[in-house]
Each structure stands twice: as structure tokens, then as C-alpha cells.
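The values are calculated or read from the model by the stated rules, or taken from the named source; none is laboratory data. Only a predicted model underlies this, so the values are computations on that prediction, with no experimental measurement involved. Note that we place each Cβ from the backbone using ideal geometry, even for glycine, and neighbour counts take in every protein chain shown. Keep in mind that these areas ignore ligands, DNA and RNA; they rest on the heavy atoms of the full protein, side chains included. Shrake-Rupley method; radii C 1.70, N 1.55, O 1.52, S 1.80 Å.
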Amino acid sequence: VVAGCVADVEQWVHFEREWKSALAPLGPDAVFHAVDFDKGNPPFDKLTSTEADDLFAVLVGIICRRVEKSISQGMILKDYKAINSKYLFAESYGFPYPALARACMGAVQKLAGTHSVDNQEILYFFEDGAKHKGQIEWIAERDNIPIPIFRKKKEAVPLQAGDLIAWCNNLYLTTNGNIESRYERALDRLSEKSNEWGLINYEDPDRIPTILRIPVRDPNYR
């Protein structure tokens with residue numbers, strides 16, 4: 001799953017201030033990593049279960065208040081691998097992460113179109129260090145999308161919101177909806193706001209025509 005958020009610059013300024021303030025009790029350099037939060041690793045190791053619930057609710061509230069739209073795209077890896085074993089799919093449409101990143105950027109383009117925003121005025125940020133990030137740059141250049149900017153979560157605070165949303169959606173998909181109440185509450189709350197959450201469904205590779213092998217997105221997987 002790859003996820004992110006869309007907002008204008010003014011809202012991102014408020015978002016960063018509020019997000020840092022929420023994490024400040026954990027330390028001046030506290031960064032939200034969903035895996036560390038879930039496992040109770042530093043800097044979240046001193047939080048009680050109730051405190052963790054409260055913090056998570058506050059972070060979700062900031063997203064709901066400051067973000068215009070959340071975007072999340074996921075794929076089932078075994079289906080992807082089945083297609084890739086038959087066709088040069090990864091080389092043409094992207095390895096899993098770049099393919100999902102492109103789907104997210106496509107959702108942003110769609111939103112921009114509805115608001116008559118020039119796509120070239122949009123800045124795309126992705127976390128630095130991710131595997132195959134070079135392919136994301138190639139895909140963006142190929143499709144005439146502004147080349148994404150790569151930053152660490154500490155440098156670009158909104159990336160932490162994408163991590164939170166991706167974590168919740170990934171849990172939902174991999175557990176068939178059997179998730180902890182704090183994450184269920186978060187998804188319920190986030191889903192009430194403008195969003196485009198999708199699951200890329202890949203058909204059986206034996207039934208895909210040679211010339212048409214485009215993934216189909218189902219935005220109603222929840």
C-alpha cells in the first residue's frame with residue numbers, strides 16, 4: 001500500500017505545526033513511524049495503551065482537519081507476481097512501489113482536473129530511500145508529471161501522515177478487516193472525509209490480451 005494526502009501550502013504549514021506539537025511530548029525530534037508506534041518502540045515505549053489511543057486520535061484529527069483529500073492505493077502482490085512472471089510488466093508499468101506511486105499521482109491529477117489546477121503546479125513528495133525510487137522519476141518524466149521530490153519523514157512532516165494512512169489500510173486489507181479498534185476508528189473517521197482509496201486488481205495473466213494489460217482499480221474495496 002502507498003498512501004498520501006493533498007492540501008495547499010497554507011494548510012500544510014498549519015499541519016506541520018500541529019503535528020509537531022502533538023509529538024513534542026515524546027521528544028523534540030520525535031517522528032511518527034507507524035511500525036514503531038504499533039510495536040511500542042521508542043519514542044512511543046513510555047505511552048500507556050490509553051495514551052497511545054489518544055495520540056493516534058489526535059494525529060488522525062489533524063489529517064481530517066488540514067488535508068483536502070487522502071489517497072491510498074494497494075495491490076495484492078501474488079497477483080502482481082503472476083502477471084510479471086508472464087509479461088515484462090515491472091519494466092513497462094513499474095515495480096510494485098512505483099506502480100502504486102503512479103496510481104496515487106494519477107488520483108492527484110484527477111483531483112487537479114476537477115479544480116482546474118495546472119498539473120505542473122503540483123509538488124509531489126515521496127519518502128527518500130524507498131526501493132526503485134529511480135523508476136518513479138522515470139515514470140513521472142514519461143507521463144509528463146512533475147518529477148517527485150524525495151525527502152526523509154523528519155524533513156517533510158506530511159510524509160508521516162501518508163505512513164499512518166498506508167498502515168491502517170494495509171492492516172485492513174491483510175486481516176480482512178479484523179483490526180484493532182484504534183485503527184478501525186481511524187479508518188472510519190478518515191473515510192468520512194474526501195478520499196480515493198483503491199485496490200489495483202490484476203486479472204489472471206493467461207486471460208489478459210497481449211496488447212492490453214492495464215491494471216483496473218476498484219475504489220470501493222472497503
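Structure notes:
- Legend: translational diffusion of the stretch 63-211 by Stokes-Einstein, Rh = Kirkwood radius over C-alpha pairs, 4 °C, 1.567 mPa s; D = 77 µm²/s.
- In plain terms, the chain from Lys152 to Ser21 could stretch by 45.3 nm, reckoned as 0.36 nm per residue minus the Cα-Cα distance.
- Across the chain, the mean sequence separation of Cα contacts (distance under 8 Å, 6 or more residues apart), normalised by length, yields a relative contact order of 30 percent.
- Charge sum, other residues only, whose C-beta stays under 12 Å from Ile136's C-beta, Lys/Arg counted +1 and Asp/Glu -1: -1
- R0 of 35 Å, Cβ-Cβ distance Thr175-Glu141: FRET efficiency to nearest 0.05: 0.40
- Taking amide H as placed 1.01 Å from N in the peptide plane, Trp197 has its amide H under 5 Å from the amide H of Ser72, each at least 5 places away in sequence or on another chain.
- Set of aspartates and glutamates with alpha-carbon distance to Lys69 below 14 Å, sequence-local pairs under 8 removed: Asp8, Glu192, Glu196
- For Ala156, the amide hydrogen comes within under 5 Å of no other amide hydrogen, counting only partners 5 or more places away or on other chains and with H modelled in the peptide plane.
- Our note on the geometry: Cα centres of the stretch 63-79 and the stretch 170-196, 11 Å apart.
- Solvent-accessible surface of the chain, taken per residue with a 1.4 Å probe and all protein chains present: 54 Å².
- Helix axis angle, 181-191 relative to the chain longest principal axis, alpha carbon, degrees: 60
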